[in-house]
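The values are calculated or read from the model by the stated rules, or taken from the named source; none is laboratory data. Because the structure is predicted, anything quoted here is derived from the model rather than measured. So basically every Cβ, Gly included, is an ideal-geometry build from the backbone, and we count neighbours across all protein chains shown. Accessible surface is based on the protein model in full, side chains and every heavy atom, while ligands, DNA and RNA are left aside. Shrake-Rupley method; radii C 1.70, N 1.55, O 1.52, S 1.80 Å.
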Amino acid sequence: MRFWNGSLAAIVPSVLALFALTVSGCGDDVQRPSQPPGWDDGMRLAESYDVNPDPNIVEVNLHAALANLSFAPGQTTTAWTYNGQLPGPLIRARVGNRVIVHFTNDLPEPTTIHWHGLRIPAAMDGMPSPSQPAIPPGGGFDYDFVVPDASTFWYHPHVDSAAQVGYGLYGPLIVDDPDEPPGLGDEVVMVVSDIAIGDDGTLAPANAGGDLASYFGREGNVTLVNGLVRPTLKARPGARQRWRIINAAKSRYFRISMPGHSFQRIGGDGGRLSAPIDVDTPVIAPGEREDLVVVPQGAPGSQVVVQWAPYDRGFGTNLEPSVDLFVVQLEGSPVAAPPLPALNRTLTPLSVAGATPVSIQLTVDGASPLALGINGVTYADAQPFMATVGETQLWTVSNNLDSAHPFHMHGFFFQVQSPGGPLDPWEWKDTVSVPINGSVSFAVKFDDRPGMWMFHCHILDHAEAGMMGSLMLMER
Ligand code: C2O
Ligand code: CU
């Protein structure tokens, strides 16, 4: 690794000098600043192949199987993958498209796919057993749904999820908004995650460290961006980029730090915000997504290293050393970024006046074996919460434990509340971090998709230990 970087650094300046000459001769580039050639080759995700010629249908094959990958020179890791890739292929659709996924399971265990954040029917939500039976090894299932909302989503298993996600099963799904204003920047989809491997590259067992590690929430020792260790992204100084980031790690929070730069946050879990907001070091909890724009700056030939920066989710995580995530390599003649187009989105606040209050307390119900719960009951013993189609509920999730918990509700977006109404600027979310000794309130309106739905902590070790509940949505 070291050696390779060193030799690269020696070659790059001369290439850059040549390149700078080529670009500065081209006047058109000044009006429409483009990124350097091959700018995202170092981390671009493979897209799934759409087998259906109908422009309104995205039909793809997804195949879960073990595959040999390498995260360090000379090491081989037999990871769990979709289509042999980690992350799985990028599935891309437009609002209103029908998405058909022919899924086959060649893992040694049963599995399902949960479409995180998508407002689709309960039968397609991938939760065994209310949505579907778990798909056995050698089995398959056709997921078939319409995507109603534009945003950054992802998919992952919902069987033995701490193990299966930790071993590498996750992938991005982007739903594009045809009415989005142009000029948001050149897009990069980034799935950030980690993986736990030994010195010989083998996967650490999902139960390594026992109950204590489950209580902490296992973090992998290798931090990945699109499955890669410290990849390089090229950028032209001044040319805006748009980074759609998905945190697919099973426990690790990502605070993103880009020295000398700040971001404009334009969207999150449920599409664009009501207005962009400036943020220096965005924090992305497991399950959450961020839609960020950034204008990379610096002398051509220089580099900026984007880092994972420590964040206090509890247990001394604020003391962990920073980790390099990826390198932004500046190339080409600097340009001035045109201003960001107007991005206000009209979002109607849910009326919480007559909303049904629901109180959720995150609990520890037993130390050994570790049992976590909701309102003092682990998932195995829990009765479903109830709601009726059309009802608005006001959930308050309280956390008096010594770590933060990213709370996720399947199938429905919610609006996080501040004392005077929705947070401003506000947004639709499906996952929200409940801070240490804190609480979060959100309003949720249940549209006409009756059935059984789940909610849980997205630290997947916690979900598996029982911090999960179900919600029965009944027809009116
Ligand atoms: Cu990504 Cu049940 O969650
Ligand atoms: Cu948790």
Given the structure, is G168 open to solvent by less than 10 Å² (accessible area, probe 1.4 Å), at positive phi, within 16 Å of ligand 1 (Cβ to nearest atom) and outside the structural domain of G314 (by TED's automatic domain parsing)? yes
Any chance region 137-158 includes a residue that's more than 28 Å from F254 (Cα to Cα), β-branched (V, I, T) and more than 16 Å from ligand 1 (Cβ to nearest atom)? yes
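Condition check ((1) within 16 Å of ligand 2 (Cβ to nearest atom); (2) modelled with pLDDT of 95 or more; (3) farther than 22 Å from H116 by Cβ; (4) of a type in the set (D, E, K, R)) across all residues:
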| site | (1), (2), (3), (4) |
| --- | --- |
| V165 | yes, yes, no, no |
| Y170 | no, yes, no, no |
| N207 | no, yes, yes, no |
| L212 | yes, yes, yes, no |
| G217 | yes, yes, no, no |
| V225 | no, yes, no, no |
| G238 | no, yes, yes, no |
| R242 | no, yes, no, yes |
| R252 | yes, yes, no, yes |
Take the residues of region 440-463 that are under 18 Å from S131 (Cβ atoms) and acidic (D, E): which is nearest to ligand 1 (Cβ to nearest atom)? D447
Residue count, region 416-431 (criterion: in a strand (DSSP E or B), in contact (Cβ under 8 Å) with a residue 40 or more places away in the chain, within 18 Å of H458 (Cα to Cα) and away from ligand 2 (no atom under 16 Å from the Cβ)): 1
Single residue of region 232-251 satisfying the filter (touching a Pro at 6+ places or on another chain (Cβ under 7 Å) and closer than 23 Å to P286 by Cβ) that is most open to solvent (accessible area, probe 1.4 Å): K250
Within region 451-476, track down each residue that is near ligand 2 (Cβ under 10 Å from one of its atoms) and more than 16 Å from I360 (Cβ to Cβ). L460, D461, A465
P384 - would you say it is surrounded by fewer than 15 Cβ atoms within 10 Å (Cβ to Cβ), over 20 Å from V432 (Cα atoms), within 16 Å of ligand 1 (Cβ to nearest atom) and in the same structural domain as G469 (by TED's automatic domain parsing)? yes
For region 407-415, indicate whether the set of residues that are at pLDDT below 95, out of contact with any helix residue (DSSP H, G or I) (no Cβ under 8 Å at 6 or more places or on another chain) and either open to solvent by 10 Å² or more (accessible area, probe 1.4 Å) or away from ligand 1 (no atom under 16 Å from the Cβ) (or both) is non-empty. no
Residues being within 16 Å of ligand 2 (Cβ to nearest atom) and part of a strand (DSSP E or B) - total across region 432-450: 6
